[in-house]
Every structure is written in structure tokens, then in C-alpha cells.
1. Looking at this structure, is Gly42 within 17 Å of Leu99 (Cα to Cα), among the small types (Gly, Ala, Ser) and out of contact with any Phe, Trp or Tyr (no Cβ under 9 Å at 6 or more places or on another chain)?
2. If you check Tyr93, Tyr79, Tyr37, which single one turns out to be in contact (Cβ under 8 Å) with a residue 40 or more places away in the chain, among the hydroxyl-bearing types (Ser, Thr, Tyr), closer than 14 Å to Gly108 by Cβ and open to solvent by 50 Å² or more (accessible area, probe 1.4 Å)?
3. Closer than 21 Å to Leu102 by Cβ, of a type in the set (Asp, Glu) and surrounded by fewer than 19 Cβ atoms within 10 Å (Cβ to Cβ), is that true of Asp54?
4. Among the residues of region 57-76, write down those that are part of a loop (DSSP other than H, G, I, E, B) and open to solvent by 60 Å² or more (accessible area, probe 1.4 Å).
5. Kindly indicate whether any position in region 27-34 is open to solvent by 50 Å² or more (accessible area, probe 1.4 Å), free of Cβ contacts under 8 Å to residues at least 60 places away in the same chain, farther than 14 Å from Val113 by Cβ and not polar (S, T, N, Q).
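The values are calculated or read from the model by the stated rules, or taken from the named source; none is laboratory data. Because the structure is predicted, anything quoted here is derived from the model rather than measured. Here the Cβ positions follow ideal geometry from the backbone for every residue, glycine too, while neighbour counts run over all protein chains shown. Surface accessibility is based on the protein's heavy atoms, side chains included, excluding ligands, DNA and RNA. Shrake-Rupley method; radii C 1.70, N 1.55, O 1.52, S 1.80 Å.
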Amino acid sequence: QVQLVESGGGLVQTGGSLGLSCAASGSIFSIGAMGWYRQTPGKQRDLVASISRDGSTNYAEPVKGRFTISRDNAKNTVYLQMNSLKPDDTAMYFCHARLSALGYWGPGTQVTVSS
């Protein structure tokens, strides 16, 4: 079993910054790709950014140039630095990690950007 716990969400004004982190624990041998997704009520969960174990990154178009994903393999932790936040970034943010053929989700952390 793998457990993911996100932290760092909260309320911020438009143009502000927030940093999210997600720590994995449990029966971990070697976590593969990790990523962040976000979801608003009634909508599907969309990819925000992902990072492979060797550091290759991928970003959704709406966050390119504003968000930065990184990871610390020694700590089994993935980070998301969010700058120049917009009200459209308001969502529940979920951490995802892939271990072998299985994917794991964290419970989510709320990010609210006020206008």
C-alpha cells in the first residue's frame, strides 16, 4: 500500500503564489511518474503537471510558464510551485503517483484564488 498526503493549499489573491507538496509513504520501492491534477465540482479531473522519475516534465497549457513541478526522489515527495495565480486555478488539487502498474491518489488539497 502507498499513501499520499498533500499539503500547502489555501486561499490566495489573484496574482499570488502557493506551493503544494505531496509525500508518499508505505510500501515504496521505486515510485515512477508523479503528478498533480485538479478538479472543480461537476467537472472531470484534469492533469496540471507531471514529472517522470528522471525529471522530465509535462504541463497543461493553462499553467505553462506559471507553475513548476519538481520532485525529491530521496524523500518520495513531489512539489508544485504555483505563481501568478488566477481565479480559474481554483480547484481541489490531487497528487498522483505511479508504482509499477498501479496508480495512487492523495485525498486532495483545496486551492482558492480570490479575485
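1. Considered against the rule, which asks whether it is within 17 Å of Leu99 (Cα to Cα), among the small types (Gly, Ala, Ser) and out of contact with any Phe, Trp or Tyr (no Cβ under 9 Å at 6 or more places or on another chain), Gly42 comes out as no.
2. Checking each option against the conditions leaves just Tyr37.
3. So Asp54 fits the description; yes.
4. Across region 57-76, the qualifying residues are Lys64, Gly65, Ala74, Lys75.
5. Checking region 27-34: not a single residue is open to solvent by 50 Å² or more (accessible area, probe 1.4 Å), free of Cβ contacts under 8 Å to residues at least 60 places away in the same chain, farther than 14 Å from Val113 by Cβ and not polar (S, T, N, Q).
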